[in-house]
Structures are given as C-alpha cells and as structure tokens.
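Structure first, commentary second.
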Amino acid sequence: MNAVAEVENTAAEPAVPAVKPPTVKMVLSLTLIATVSGILIVLTHFLTKPVIDENKRVALQNSITAILPGTVKIEERMVLADGKILQIDQSVPAKGKDAPVGVRTYTGLDKDNRPLGIVVEASGTGFQDIIAVIYAYDPGRQLITGMTVMSSKETPGLGDKIESDQQFHANFKSLDVRLNAAADGLEHAIIAVKNGQKTNDWQVEGITGATISSKAVAGIMNASTTSVLPQIQKQISAFGFGQASAARDSATSTGGGQ
Amino acid sequence: MAAAKKEVQNFDIFIKSLWKENPVFAQLLGLCPTLAVSNSVSNAIAMGLATSFVVIMSSFLVSSLRKTIPKEVRIAAFILIIATYVTIAEYLIQAVSLEVHKSLGAFIALIVVNCQILGRQEAFASRNPVWPSIVDAAGTGSGFLIAIVSMGVIREVLGAGTFMGVPLFGPNYEPWVIMILPGGGFFVLGFLLLVYVTI
C-alpha cells in the first residue's frame, strides 16, 4: 500500500510560493542531471569505441574480401578531385575540415603482397534514396569483376532485388570497362538493357520489375568508372600495379600464379 | 508477512504493465516504432530490447532522483535522462552488431520520443520507490517486446516467407509483399488489437 500512500502525499503538498528558491533549485537539479548524463555518455563512448571500430574494420574487410577473393591485406587510397592519389593511413584525418575529399579505393593484396584488384566506392540516386555500392576493378584486364550494394533504401521485394538477385550480379562478373583511345573515358558507356536483351559485355541486364533500380545501378557504375578509372590507369603504379602486374599477368597466362 | 505481500504486489505491478496496461494494445502508445520496425523478427526483437533497456534504466534513475527533481522541471529532467540512455543504447547496439544498427537506423534515436517511456516516468517512476519502478518498467518493456515481436512474426512470415532470415517455404512461395510495407503494418496492428480486445 506504500505506492498509494506516496501518490496521496504528493497530491496533498501545499502550493509552492512563487519566490526565488525554486529557480535556483530547478537550475541546480537540471545541472546535476545533465552532468551525470554527460559522464555516463562519455564513459559509454570510450568503453565501446574500440569494439565499434573493430566491428567497422571487420565489416569493411568482409565486404572487400567477398568481391575480391584471396584478399589478405587492404591498402586504402583516395582519388582526389584534382586527380591526385592520396594514400590513406592512420595519420590521415577521417572527419573534419582537414579530411580529404575524394573517391575511396581499396587495393586488395594477396598473401604474397601482390595486388589482386582495386575496390572502388560509388554512390548515386536510386528510386527511393541514395544507393551506395562497391565494385572490384581489374586494371590488367580492364574489367569489373564484382559489385556489392552497400546500402540502399529501395522498395522491399522489388527494387531491393539489386542486392541479392544472382542474375543481376552476374552482369558484374566481367563487365567491360576498357578505356577509349584517349584514355579519358570509357570505350563503351555502361548502359542498362531490358532483361533478355544483353548482347555486349558493357551492358547491364536489368531485373524485371525493378527497372528503375537496375538502371540506377548501371548509371552509378557508368558515372564512377568514367571519372575514376582513367585517373587510376594513369597512375596505376601508385596502386602497386605496373611491373608487378605485368609479371603476374604473364605468370597467369603460362598457368602459374594464382 | 509484509515481505511476501510486497512480492505479490510487485508481481501484480509487473503483470499489470505487461498485459492489462500493455503500452501498445491497451494504451496505444509508441505505435510509430511498432509499425516501422516490425517488418522482421530480428529488428523487432532488437527494438523491443533497446526500448526495454531505456525504460528500465530511466525509471531507475528517475525514481532514485524523484525527491530532488522539482515539479516544474520534471518533464525536462525526464527527457534528459531518457535521451542519455537512448544514446548509451545506440553505442551498445553498435558494439554488439553493426548489422542491427543499420537495420534499425533512425528509429534507435526515436526511442526518445516514444510516449511509453515518458508516460511511465510521469505516471509511476516519479512517484514510487526504486524497486517497484523497475518492476513496472520491466513490465512495460516486456509488453512492448511481446507486441512488436508478434507483429514481426506475422509480417515476416507472410511478407517475406522467412523467420529470422531463414526461408520457411519453398522457392515457389510468392510472398505477400504488402505485409512488410507500411500498409501491412497497419492491417496487422488492427488485427492484433481486435484479438487483444476479444481475449
């Protein structure tokens, strides 16, 4: 019966006189609560930060390894707006005014430290909201060898098929993205075609019932490859390819290597 | 004798918050997250647990401080406390699973404005001792968990043909897609309300 007695007591309290003390008490109590809250939040932040950072690192590693099998080590580089390549390590700030802005790429290295390919981040407008993808680029053969949707808000059951549809993803197992003669764009732009009408390796066959989302992905890939791949190819040695890559390709063609 | 009576009383408080005053079915509070996050069972469980954590911890702190919070600023104080625990819950969810954090998205932060929690502070925690407040909060949290998970089960099984991501029916099953869209959420909620009122 304590609960009931407590409630009755609160109701029977005399009215508070409208003078100064209540203001001081109000400010003090809110300050006290705010201080305690602040301490709790900061404590939790610092306690969970290492775990969260590790989770993010593992998630990124998993998604890169999934489209670039055999990856053991990842080197992060950024293609800046002016075309320069910036190597990203612990010393480069991730956020804030000094953080570099550009396209993130991850070069996957196998256990012998040979580069397997470059994973590029790209994003653009989908049917509902932004679609973010990563794709694996083979600079030697000038092909896209895989694509994964990292985040999308497409319609469940319809547009979100771009995330899991096997046939759609087969488009990106060897998508032709060779550069044109001037090496400043693609020889053939990546375009979406209707389901069943794919004739060339640079076409993306859409998903029936998810035309707009499929077209959006093709558009995102086209925009990204057109602007980023020429920069990558121009400075391919900065990514660890070049002599090593030529040696690897010849090793592969004689049956050795991977 | 008094201790046994208190035990029974506390249990009554728990059952009352869980069923008779179920936050979703009886009080019709917190319908936004109930509708939005019940499109799959794992999301529903995560949301229910996160909300339960926030309401229990907030009730504990509010009840402990109930004699020091002046009446005039009580709502501001409650919101401050609730917001703190929601922030903590968000860090904890990220630490446990980034996947779940991504699925719940903005709805974790929206737990702050869930009327169930503020309602509990105002109606119970600010006027009662600590342990009964915790018990009451646990009842509310469990009631919400039961409500949102039952919606999640119906919507995921019918709308996607899976349970916790595991496909239940063969590949020829044509899912009733509207069930995982907002419209389906309303239908299922209405249906469950009908069931609750009839029981």
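Computed quantities for the displayed model
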read-out	value
Qualifying residue in segment B:103-126 (condition: in a helix (DSSP H, G or I), more than 30 Å from A:Val24 (Cβ to Cβ), within 9 Å of chain A (Cβ to nearest Cβ) and of a type in the set (Ser, Thr, Tyr))	no
So B:Val8, is it within 14 Å of chain A (Cβ to nearest Cβ) and not charged (D, E, K, R)	yes
Number of the condition not met by A:His188 [criteria: (1) over 25 Å from A:Arg77 (Cα atoms); (2) crowded, with 16+ Cβ neighbours inside 10 Å]	(2)
Restricting segment A:41-81 to residues that are within 12 Å of another protein chain (Cβ to nearest Cβ) and closer than 21 Å to A:Ile232 by Cβ, the residue that is most open to solvent (accessible area, probe 1.4 Å)	A:Leu60
Single condition B:Arg155 does not satisfy, out of (1) over 25 Å from B:Val8 (Cβ atoms); (2) at pLDDT 95 or above	(2)
Among (1) open to solvent by 10 Å² or more (accessible area, probe 1.4 Å); (2) of a type in the set (A, V, I, L, M, F, W, C); (3) at pLDDT below 90, the one test that A:Ala210 misses	(1)
Residue list for segment B:2-35, filter: assigned to a helix (DSSP H, G or I) and open to solvent by less than 40 Å² (accessible area, probe 1.4 Å)	B:Asn10, B:Ile13, B:Ser17, B:Leu18, B:Pro33, B:Thr34, B:Leu35
Segment B:160-184 - residue that is closer than 14 Å to B:Ser42 by Cβ and either assigned to a loop (DSSP other than H, G, I, E, B) or open to solvent by less than 40 Å² (accessible area, probe 1.4 Å) (or both) and, of those, farthest from the other protein chains (Cβ to nearest Cβ)	B:Met164
Those residues of segment A:144-170 which are more than 30 Å from B:Ala36 (Cα to Cα), open to solvent by 30 Å² or more (accessible area, probe 1.4 Å) and either out of contact with any strand residue (DSSP E or B) (no Cβ under 8 Å at 6 or more places or on another chain) or assigned to a strand (DSSP E or B) (or both), in sequence order	A:Thr145, A:Ala170
Residues located in segment B:70-84, provided they are within 7 Å of chain A (Cβ to nearest Cβ) and either open to solvent by less than 60 Å² (accessible area, probe 1.4 Å) or under 20 Å from A:Leu40 (Cα atoms) (or both)	B:Pro70, B:Val73, B:Ala76, B:Ala77, B:Leu80, B:Ile81, B:Thr84
Meets criteria (among the hydrophobic types (A, V, I, L, M, F, W, C) and without any contact (Cβ under 8 Å) to a residue 24 or more places away in the chain) for B:Leu80	yes
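The values are calculated or read from the model by the stated rules, or taken from the named source; none is laboratory data. In this text, all values refer to a predicted model and were calculated from it rather than measured experimentally. Neighbour counts run over all protein chains shown; Cβ positions are idealised from the backbone, glycine included. Ligands, DNA and RNA are stripped out before the accessible areas are found, and what is left, the full protein with its side chains, is counted by its heavy atoms. Shrake-Rupley method; radii C 1.70, N 1.55, O 1.52, S 1.80 Å.
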